[in-house]
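*Asks:* Quick one: the structure is below, and I'll ask about it shortly.
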Amino acid sequence: PAAAAALRARAAQVADLRRRDAWPQLSSHLSALERDASAAGERLRAARGELEALLSRRDELRGLLQAYRAMAGGRGRGEDEVLEGLHHRAYDVLWRAPCDLDDASRLVGEYQLAVTAPRPVHHRAVRVDGRGIHNETGAGPSTGGGTGTGTGGVGHTGGPTRAEGPRGEGEGNDDL
């Protein structure tokens, strides 16, 4: 603003010299004014570029925060209190004016690490076999029949294993 005010005053001075037909003075003043206006324009473009880079970084961090929140939800951690607290802190910094980009970068990084870190085991283990999905206690499958006990492992189809050989008449093939 101060540079713009000085340039406006000098432009008025040049206009006054033109009205008075003071051509020798007008020529030197006009050349200096053009040079200074060009330099001020370059400084303005550089400052604008710096500001746009900062705004772009802020928008990038906002996008990352949103993407990692979606990732947390996709991993079943959308209501995790620790993650919600980290998200809230990062969100507050990113949507505050002025935005502290160093603080925002750190907070988004912390949230990213928390979302991508291995989840503490609070869920029950499951086993999948040809008879269905079984919880860790071996209680019934969620699909198919049976109790979830026996030789079932991943990929087991419920038929005879190599160790058992083919089942013949009356040899436990009641479920065939």
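*Asks:* Would you tally the residues in segment 43-88 being among the aliphatic types (A, V, I, L, M) and within 12 Å of Val108 (Cα to Cα)? Steps first, please.
*Replies:* Let us first name the residues in segment 43-88 that are among the aliphatic types (A, V, I, L, M), namely 44, 46-47, 51, 53-55, 61, 64-65, 67, 70-72, 82-83, 86.
Among the residues that remain, those that are also within 12 Å of Val108 (Cα to Cα) are: 61, 64-65, 67, 83, 86.
Matching residues across segment 43-88 total 6.
*Asks:* Applying the selection to segment 66-116, what residues are over 26 Å from Ala53 (Cβ atoms) and among the charged types (D, E, K, R)?
*Replies:* Arg75, Arg77, Glu79, Asp80, Glu81, Glu84
*Asks:* Answer yes if at least one residue in segment 89-97 is of a type in the set (Ser, Thr, Tyr) and either open to solvent by 80 Å² or more (accessible area, probe 1.4 Å) or assigned to a loop (DSSP other than H, G, I, E, B) (or both), and no otherwise. Explain how you work it out, then say what you get.
*Replies:* First, the residues of segment 89-97 that are of a type in the set (Ser, Thr, Tyr): 91.
Remaining after also requiring either open to solvent by 80 Å² or more (accessible area, probe 1.4 Å) or assigned to a loop (DSSP other than H, G, I, E, B) (or both): 91.
For segment 89-97, residues of a type in the set (Ser, Thr, Tyr) and either open to solvent by 80 Å² or more (accessible area, probe 1.4 Å) or assigned to a loop (DSSP other than H, G, I, E, B) (or both): present.
*Asks:* Right, Glu50: over 20 Å from the mean Cα position of the chain (by Cα), within 30 Å of His88 (Cα to Cα) and among the charged types (D, E, K, R) or not?
*Replies:* Values: over 20 Å from the mean Cα position of the chain (by Cα): yes; within 30 Å of His88 (Cα to Cα): yes; among the charged types (D, E, K, R): yes.
So Glu50 passes the test.
The values are calculated or read from the model by the stated rules, or taken from the named source; none is laboratory data. Not measured: the values here are computed from a predicted model. Backbone-built Cβ (ideal geometry, glycine too); neighbour counts: all protein chains shown. Accessible surface is based on the protein model in full, side chains and every heavy atom, while ligands, DNA and RNA are left aside. Shrake-Rupley method; radii C 1.70, N 1.55, O 1.52, S 1.80 Å.
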